[in-house]
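Chemist: Before anything else, here's the structure in question.
The values are calculated or read from the model by the stated rules, or taken from the named source; none is laboratory data. What you see is a predicted model; the values in this text were computed from it and never measured. Don't worry about glycine lacking a Cβ; one is built from the backbone with ideal geometry, like all the others, and counts go over all protein chains shown. These accessible areas exclude ligands, DNA and RNA; they are computed on the full protein's heavy atoms, side chains included. Shrake-Rupley method; radii C 1.70, N 1.55, O 1.52, S 1.80 Å.
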Amino acid sequence: MTTGAPTPTYPARPPRSRLRTFLPLGIAAWLVLEIWLLTVVAGATSGFVVFLLLLAGIVLGAVVIKRAGRRAFQNLNQTLQRGTAPASGSGSGGGNGLLMLGGLLLMLPGLISDAVGLLLLIPPVQKAIGRRAERTFERKLREAAPGTLGDAFQQARMHRPDGKVVQGEVIRDEPGDTPQEPRPPLMG
């Protein structure tokens, strides 16, 4: 039965990226491989040995994450006490991040994730991955569309419920434009 009302048209969906397409498949394959490897090791040794391996991974991962977090906090504290910006090549951010990732992978149940987590604890591997990540990040920044972050804030987009995009401009109120009342204290 038709009512005579026009059928609403919705904008076409953008195509899915490769990452969104293959990431779920990769995670599923990794989980199947982890379970298969655990069953192979349990069959060759015993279930108790597998349990001890998984428990050791959890404990070691927790220790690594705690140590990396403490080191990152100490580096941040020293940087704030000096009153300077952190040096980009100091390794305080990237190295601790890779240590934390290694600890997290150790805490995940599975032997493959444990092996990758242990690899991330090796300093030469951390440096190689950190350099590669930095080069990739810089290349992606160079390939990005022209414009600055400020330009992005100057043009705002509002999405209406019907899917249409309304172009707009952000207008900032300067502190001297309107009289302000005194603010109450934050802590009483």
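Chemist: In the set Arg142, Arg131, which member is open to solvent by 50 Å² or more (accessible area, probe 1.4 Å) and at pLDDT 90 or above? Walk me through how you get there before you give the answer.
Modeler: Working: Arg142 fails: at pLDDT 90 or above.
Exactly one residue qualifies, and that residue is Arg131.
Chemist: Shifting gears a bit: Can you say whether Ile58 is surrounded by 12 or more Cβ atoms within 10 Å (Cβ to Cβ), in contact with a Gly (Cβ under 8 Å, 6 or more places away or on another chain) and closer than 17 Å to Pro109 by Cα, as far as the supplied structure shows?
Modeler: No; evaluated as a whole, the condition is false for this residue.
Chemist: Identify, by number, the condition in (1) at pLDDT 95 or above; (2) farther than 21 Å from Met107 by Cα that Leu25 doesn't meet.
Modeler: Only one criterion in (1) at pLDDT 95 or above; (2) farther than 21 Å from Met107 by Cα is unmet by Leu25, namely (1).
Chemist: Further question on the same structure: Does Val49 satisfy the condition of being open to solvent by 70 Å² or more (accessible area, probe 1.4 Å) and at pLDDT 85 or above?
Modeler: For Val49, the condition - open to solvent by 70 Å² or more (accessible area, probe 1.4 Å) and at pLDDT 85 or above - is not met.
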